[in-house]
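Undergrad: Here you go, one structure.
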Amino acid sequence: MKKTILVTGGTGYIGSHTAVALIDEGYDVVIVDNLSNSKMEVLDGIEKITGIRPRFEQLDLVYSERVDAFFKSYAKISAVIHFAASKAVGESVSNPLKYYQNNLGTLVNVLQGMEKYDISNIVFSSSCTVYGQSDILPVTENTPIKEAMSPYGNTKQICEEILRDTVAANEKLSCVALRYFNPVGAHASALIGELPLGVPDNLVPFITQTAMGIREKLRVFGDDYNTPDGSCVRDYINVVDLAKAHVVSINRMINNQNKKHMEIFNLGTGNGVSVLEMIKTFEKVTGQALNYEIVARRAGDIEQVWADTSFANNELGWKTEANLEDTLLSAWNWEKHIRGKKS
Ligand code: NAD
Ligand code: WQD
């Protein structure tokens, strides 16, 4: 019989791609989402790609009694992937309590439900933001955690601590925390992708919306950093590759191949790419000239970060497959799809 995986935040950007990858692997998927940052139609995209419509519950995971009632009604869940969280760094600075309540509260409720209903495995969405500006590059999983640069970043650090302590106190529980670098791109079908509400904060949606004519101009935040071309450097990971790492992590726990009850992995490509290189690559693969200007640095940006992926590559037997060209083309095809333009 198929094993059931609960995907919280599963109509969101990374959750929807992971739902597809799980269904492709033969898992039964249940999605819980409050639709605060995603739309129900995402389920149509998942169904078109996989031929299967995952079960869906619209539920706000900050309400502990509702979470309890949910777990009670779904008796056989083999593992949880906990994506649900608020993720806008700037908003977390102006409204920190929203972030502490949503990101910590939902995790606590999910873990309480797991303990009570005997569910042993959780994959948690962490972030490279926990490293801040590391003194040593690339960053490994043992690179020291720096003081968080935003309440959002702090929630990811605290969530990892909550997980570590809970796993230490409950020998039945296992956790894989995945520290994502910068997820970008969309499913090759262009049927699911990133759906930023309002003006995007992140680089790639801003690039595609500018090329589409929705934004007048991309602002490049600084060209005076100590990097090869002066613009910031990040590790941009294809979202489908990222999704597959979740499936590998789930397989690992379900088959008891995890070596420790709490494991942490960097998920990136291992390559640092600058903002200006991103623009040039986008222009090359899409044939779209991008209107951009160099402006002042953005407050709170780190200069450069990219992942040492050897632990994830060796331990999980996982590595990224997509190249940056294909990834940016997939983001552009998705932008065209949502604006109703033919690819
Ligand atoms: P997203 O906003 O697209 O998806 C998150 C989903 O969670 C949304 O569908 C939202 O409606 C839902 N959600 C939020 N609060 C909820 C609640 N209280 N109850 C039920 N559902 C709730 O974000 P994403 O980019 O897919 O990110 C998924 C996870 O990965 C998040 O935990 C995020 O912090 C983490 N992460 C994202 C990035 C990134 O750049 N996208 C990088 C590192 C880590
Ligand atoms: C990438 C680069 C910008 C927009 C954020 C979070 C991090 C993680 C991933 C969740 C930077 C530059 C951007 C624009 C630009 N999320 N840029 N013009 O800041 O690396 O990481 O998302 O955990 O926690 O902080 O991603 O996409 O915002 O920026 O020049 O309009 O693009 O300065 O160098 P970032 P980003």
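The values are calculated or read from the model by the stated rules, or taken from the named source; none is laboratory data. Since this is a predicted model, take the numbers as computed values, not measurements. We place every Cβ from the backbone using ideal geometry, glycine too, and count neighbours over all the protein chains shown. What goes into the accessible areas is simple: the full protein's heavy atoms, side chains included, and nothing from ligands, DNA or RNA. Shrake-Rupley method; radii C 1.70, N 1.55, O 1.52, S 1.80 Å.
Undergrad: With an 8 Å cut-off on Cα pairs and a minimum separation of 6 or more residues, tell me the relative contact order of the chain in percent.
TA: Details: 665 pairs, mean separation 64.6, N = 343.
It rounds to 19 percent for the chain.
Undergrad: Continuing with this model, one more query. Give, as a single signed number, the net charge of other residues whose beta carbon lies under 9 Å from the beta carbon of residue 138, with Lys and Arg counted +1 and Asp and Glu -1.
TA: Details: positive: none; negative: 235, 308.
So the surrounding residues net to -2.
Undergrad: Then there's this: Summarise the accessible area of the stretch 215-343 (1.4 Å probe, protein heavy atoms) by the percent that is carbon and sulfur.
TA: On the way: 2760 of 6250 Å².
Using a 1.4 Å probe with all protein chains present, the stretch 215-343 comes out at 44 percent carbon and sulfur.
Undergrad: I need the calculated FRET efficiency for the pair residue 74 and residue 35, taking r as the beta carbon distance and R₀ as 22 Å, to the nearest 0.05. Write down the numbers at each step before the final one.
TA: Working: r = 19 Å, r/R0 = 0.86.
Efficiency, from the Cβ-Cβ distance: 0.70.
Undergrad: Could you look at the stretch 13-157 and say what percent of its accessible area is carbon and sulfur, using a 1.4 Å probe and all protein chains? Write out the running numbers ahead of the final one.
TA: Working: 3180 of 6450 Å².
Whole-percent figure for carbon plus sulfur exposure: 49.
Undergrad: Between the stretch 267-320 and the stretch 213-230, how many Å separate their Cα centres?
TA: Between the Cα centre of the stretch 267-320 and that of the stretch 213-230, the gap is 13 Å.
Undergrad: As I understand it, the value is the acute angle between the Cα axis of helix 151-169 and the longest principal axis of the Cα atoms of the chain; what does it come to in degrees, rounded to 10?
TA: 30
Undergrad: Taking the alpha-carbon distance from residue 217 and a cut-off under 22 Å, which lysines remain once sequence neighbours fewer than 8 residues away in the same chain are dropped?
TA: 280, 284, 336, 341
Undergrad: Tell me the label-point distance for the pair residue 135, residue 188, using the 7 Å Cα-to-Cβ offset, in nm and rounded to one decimal.
TA: The two pseudo-label positions are separated by 4.4 nm.
Undergrad: Evaluate E = 1/(1 + (r/R0)^6) for residue 66 and residue 1, where r is the Cβ-Cβ distance and R0 equals 35 Å; express this FRET efficiency to the nearest 0.05.
TA: Values: r = 27 Å, r/R0 = 0.78.
For residue 66 and residue 1, the calculated efficiency is 0.80.
Undergrad: A follow-up question, please. Checking the a/c ratio against 1.5 first, then a/b against b/c, what shape does the Cα gyration tensor give for the stretch 1-144? Could you put the intermediate results ahead of the total?
TA: Values: a/c = 1.55, a/b = 1.38, b/c = 1.12.
Cα axes put the stretch 1-144 in the prolate bin.
Undergrad: What does the net charge come to around residue 276 if you take all other residues with beta carbon closer than 9 Å to its beta carbon, with K and R at +1 and D and E at -1? List each step's numbers first, then the result.
TA: Values: positive: 280; negative: 223, 229, 277.
With Lys, Arg at +1 and Asp, Glu at -1, the net is -2.
Undergrad: Something else: May I ask for the angle, rounded to the nearest 10°, between helix 275-286 and the longest principal axis of the chain, with both axes built from Cα atoms and the value confined to 0 to 90°?
TA: Once rounded, one gets 90 degrees.
Undergrad: Along each of the three principal axes of the Cα atoms of the stretch 301-343, give the extent in whole Å, ordering the values from largest to smallest.
TA: Taking max minus min along each principal axis of the Cα atoms, the stretch 301-343 gives 41, 30, 15 Å.
Undergrad: Averaged per residue, what accessible area in Å² does the stretch 248-343 show with a 1.4 Å probe, protein chains only? If you can, show how the numbers build up before the last one.
TA: On the way: 5040 Å² over 96 residues.
In whole numbers, the stretch 248-343 has 52 Å² accessible per residue.
Undergrad: Work out the P(r) tail for the chain: percent of alpha carbon pairs separated by more than 39 Å, whole number.
TA: Details: 5684 of 58653 pairs.
Cα-Cα pairs in the chain separated by more than 39 Å: 10 percent.
Undergrad: Of the lysine pairs in the stretch 65-204, how many meet both conditions: Cα atoms under 30 Å apart, and a spacing of 8 or more in sequence or different chains?
TA: Taking the Cα cut-off of 30 Å, the pair count is 21.
Undergrad: How high is the relative contact order of the stretch 47-133, in percent, counting Cα pairs under 8 Å that sit 6 or more residues apart? Don't skip to the end; give the middle numbers.
TA: On the way: 64 pairs, mean separation 33.4, N = 87.
Averaging sequence separation for qualifying contacts and normalising by length gives 38 percent for the stretch 47-133.
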